[in-house]
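Remarks on the structure that follows.
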DNA sequence: ACTCTGTTATAATATGGATATAACAGGAGG
DNA sequence: CCTCCTGTTATATCCATATTATAACAGAGT
C-alpha cells in the first residue's frame, strides 16, 4: 500500500499514518490477519523516525485495529466495539455537519458525499 | 448560549470553543449579525484566559464564520465558500467513515445518524 | 551466531497551547 | 475632555506533545 506523508501538514505525522492505515483497511488494501511493515522498515521507507511509526501502531492497537505479535509485528485484527464507535462517530459528525450547515451544504449533499465515499469502502 | 468546556479533554480549549460556537450557529442559537461576547467577558465566564478566547475568534474569522468590528466585537457573518467547504468535508468524512467501515458500521447507519443530527440543525 | 522483530529507556530539540501582564488605538457615553 | 470598553499586539513564562536520536534488551526464525 502506498502511504503518503505531507510534511507541510499541521497534522501530526503519527496521526497521518494512523488515518491512512485505517483508510487502507477500509479499502481492503489491508485484510484481517495481514502484517503491517515493521516499524523500522516503514520508518525507513517514509523517511521518518522509528518511534513515530511505533506511536502510530500503538494508537492503532489501543483503538482496536491491530494486535501486536512479537514475531509478526503489527497484525490487522479488528476489535469491534460498536457502541463506543457509534458514540465517537456521532460526536465527530456533529461538528462536521455543523460546519456544513453553516455554509449552506444541504443534508442531501451530505448523503451524496457519503455514498460517494462509501463506494471505495467495503 | 451555554458553552461547556471540558478541561479533561485532550482537545485544545480554543478548538472546543470554536466547535461549540459553530454548532451554536448551526442550531440557530447565534444568528447572522449577532455579536459574540467580548473576549474578556467570555474568558471570565468560562474561567480561561483572554488570549485563548481571542485565538478561537481569530480562527472563526479565518474560517469565515465571523467578522470582527472594533466596536461590536466578533459578529456572526458567514462567508460561504462552497467549494472549499465541500473539499474539507470530504477529507474529514473519508477518515470518519473509514473508521466506521472497519468497525462494521453500515452505510445505512451513517445515513440514519446524519438524519438524527440534522434534526437540530437548520 | 546472526538477524529480525517489538519494547523500553533516556535525552535533546522544536513546536504549540495556555497563562500572565502590559500597553496601544479607536469608538461610546458621561 | 476624560473614562470605560472594545479588539489588537507584544513579550515572557510554563508545560505538554511531537519528533528525532542512540542505545540496549528479550524473544523468535534461520
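What follows draws every value from the coordinates through simple rules; no lab data is involved. Since this is a predicted model, take the numbers as computed values, not measurements. FYI the Cβ positions are ideal-geometry reconstructions off the backbone, even for glycines, and counts take in every protein chain you see.
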*Using a simple spin-label model with points 7 Å from Cα along the Cα→Cβ vector, what separation in nm is obtained for residue B:41 and residue B:81?*
2.8 nm
*Got the residue A:108 label distances to the other copies yet, label 7 Å along Cα→Cβ, in nm, shortest first?*
2.3
*So, in Å, what gap is there between the alpha-carbon centers of the stretch B:36-53 and the stretch B:54-122?*
23 Å
_Anisotropy class of the protein assembly as shown from Cα gyration tensor, a/c 1.5 cut_ = prolate
*asked:* With n ≥ 4 as the cut-off for DSSP H runs, can you work out [θ] at 222 nm for chain B, using -39500 (n - 2.57) per run divided by the number of residues, rounded to the nearest 500?
replied: -18000 deg cm²/dmol
*Which angle between 0 and 90 degrees, to the nearest 10, do you get for helix A:50-62 versus the longest principal axis of chain A when only C-alpha atoms count?*
60 degrees
*Please work out the Kirkwood hydrodynamic radius for chain A, using every pair of different C-alpha atoms, and report it in angstroms with one decimal place.*
16.1 Å
*Can you give the angle from 0 to 90° between the axis of helix B:82-102 and the longest principal axis of chain B, with both taken from C-alpha atoms, to the nearest 10?*
50 degrees
*Roughly how tilted is helix B:13-26, in degrees to the nearest 10 and between 0 and 90, from the longest Cα axis of chain B?*
80 degrees
*Copy-to-copy spacing for residue A:67, label 7 Å out on the Cα-to-C-beta vector, in nm, shortest first?*
5.9
*How much length, in nm to one decimal, is gained on full extension between residue B:51 and residue B:92, taken as 0.36 nm per residue of separation minus their Cα-Cα distance?*
12.0 nm
_Gyration tensor (alpha-carbon) shape descriptor, the stretch B:32-101, a/c threshold 1.5_ = oblate
*Listed residues B:49, B:104, B:19, most fluctuating in chain B (Gaussian network, C-alpha, under 10 Å)*: B:104
*asked:* Measuring nothing but label to label, 7 Å from Cα along Cα→Cβ, what are residue B:49's distances to the other copies in nm, shortest first?
replied: 2.6
*asked:* So, R0 is 51 Å and r is the distance between the beta-carbons of residue A:68 and residue A:108; what FRET efficiency does that work out to, to 0.05?
replied: 0.75
*If you average the sequence gap of Cα pairs under 8 Å that are 6 or more apart and divide by the length of the stretch A:13-76, what percent do you get for the contact order?*
40 percent
